[in-house]
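First up is the structure itself, then whatever we jot down about it.
Derivation of every value follows stated rules applied to the coordinates shown; laboratory data play no part. Since the structure is predicted, the reported quantities are computational estimates derived from the model, not experimental observations. Cβ atoms come from the backbone with ideal geometry, glycine included; neighbour counts cover every protein chain shown.
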Amino acid sequence: MLTVKTKSDLRQALHGARLAGHSIGLVPTMGNLHDGHLQLVRAAVADCQYTVASIFINPLQFETSEDLNTYPRSLEYDTSLLSETGCDLLFAPDITEMYGIAGSMKTNILVSGVTQNHCGKTRPGHFEGVATVVTKLFNLISPDQAYFGLKDYQQFRVIEQLIADLEFAVKLNGLPTVREDSGLALSSRNNRLTSEQRRLAPALYQRLQQTAELIRRGNQDLRRLESEARQSLAAHGLKPDYFNICHARSLEMACQHDKDLVILAAVFAGDIRLIDNVSLTI
């Protein structure tokens with residue numbers, strides 16, 4: 001596996017793949033890789049003739065410098081993991097390489113609608129950062145296919161809208177959430193959980209499943225179900241950020257007549273923010 005850190009080296013490496021007529025798969029990450037990331041890479045390797053993974057801790061996605069500074073960094077370890085997956089190229093730029101000197105980049109990408117609520121409401125600017133960096137990666141790499149995990153369900157819908165609106169010629173693939181035996185969704189932030197927080201954290205997925213089952217059984221009082229879920233999570237030692245039952249595509253708050261649903265939730269275990277979701281059709 002080749003590792004490059006500059007856009008010029010990236011273009012040079014991709015030029016050879018394009019000349020050979022290879023299809024290109026892209027897996028964007030912020031590093032601190034876990035098996036969820038690696039499954040995305042393995043899927044890209046299976047589908048495409050040339051696979052690119054990126055590791056870039058995107059400052060535009062963070063609301064505070066503290067959150068950015070405490071985000072786990074493990075480039076050397078991540079590189080060794082990727083080399084075992086069949087990945088062909090790792091693009092690992094620094095901030096200046098991606099965005100130029102401080103203040104020189106004047107363009108942000110705003111996707112409206114699907115960013116209005118949930119993480120978009122409680123993390124203002126987050127999805128602008130996501131859309132901006134993904135747009136840059138799509139322009140730099142021109143992948144045929146891109147791979148994202150469905151744990152970040154709202155992010156997936158944002159990228160889907162971005163691709164449609166800006167007419168990127170890329171097929172978007174969403175892969176199911178990978179979980180620990182406890183049901184806790186794999187996340188780069190899990191490494192920061194204390195043993196007690198790790199014991200409490202699976203209650204999030206459990207409550208998502210319980211709420212989905214109540215809906216399947218015919219409970220249509222969706223706002224009450226949301227309220228009861230937030231109360232239950234708080235009683236289990238997790239501070240709810242939101243717990244919303246939504247239309248699966250628009251991500252607007254669901255109505256009783258909606259059939260394709262997704263339940264989106266975020267909680268805090270101490271100062272560590274965890275997100276998860278469950279999809280269902282009724």
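Neighbouring Cβ atoms within 10 Å as the yardstick, rank Thr281, Thr115 fewest first. List each step's numbers first, then the result.
Working: Thr281 9, Thr115 25.
Neighbour counts put them in this order, fewest first: Thr281, Thr115.
Which value does Rg/Rh take for the chain over its C-alpha atoms, Rh per Kirkwood? Let's see the in-between values first.
On the way: Rg = 19.2 Å, Rh = 19.8 Å.
A ratio of 0.97.
How would Tyr153, Tyr242 line up from fewest to most surrounding beta-carbon atoms within 10 angstrom?
Tyr242, Tyr153
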Of all C-alpha pairs within the range 188-276, those more than 15 angstrom apart amount in percent to 56 percent
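Does the range 132-183 come out rounded, prolate or oblate, given a ≥ b ≥ c as the square roots of the eigenvalues of its C-alpha gyration tensor, rounded meaning a/c under 1.5 and, failing that, prolate meaning a/b above b/c? Can you show the working numbers first?
Numbers: a/c = 2.58, a/b = 2.18, b/c = 1.18.
Prolate, because a/c is 1.5 or more and a/b exceeds b/c.
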Among Arg198, Arg217, Arg249, the residue with the largest mean-square fluctuation in a Gaussian network model of the chain built from Cα contacts under 10 Å is Arg217
In the range 2-175, taking the dipole from +1 charges on Lys and Arg beta carbons and -1 charges on Asp and Glu beta carbons about the Cα centre, the listed residue (Phe138, Val45, Phe148) farthest towards the positive end is Phe138
If one compares the long axis through the Cα atoms of helix 126-141 with the longest principal axis of the Cα atoms of the chain, the angle in degrees, nearest 10, works out at 30 degrees
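Any idea what the dipole of the range 176-275 comes to, in debye rounded to 20, about its Cα centre with Lys/Arg Cβ at +1 and Asp/Glu Cβ at -1? List each step's numbers first, then the result.
Details: 15 positive and 12 negative charges, 25 e Å.
Approximately 120 debye in magnitude.
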Placing each pseudo-label 7 Å from Cα in the direction of the beta carbon, Glu76 and Ala20 end up separated by a distance in nanometres of 2.9 nm
Taking the chain and counting helices only, DSSP H stretches of n ≥ 4 at -39,500 (n - 2.57) each over all residues, the nearest-500 ellipticity at 222 nm comes to -12000 deg cm²/dmol
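Taking the number of other C-beta atoms within 10 Å as the exposure measure, put Asp9, Asp152, Asp181, Asp221 in order starting with the fewest.
Numbers: Asp9 15, Asp152 20, Asp181 6, Asp221 12.
By the 10 Å Cβ count, ascending, the order reads Asp181, Asp221, Asp9, Asp152.
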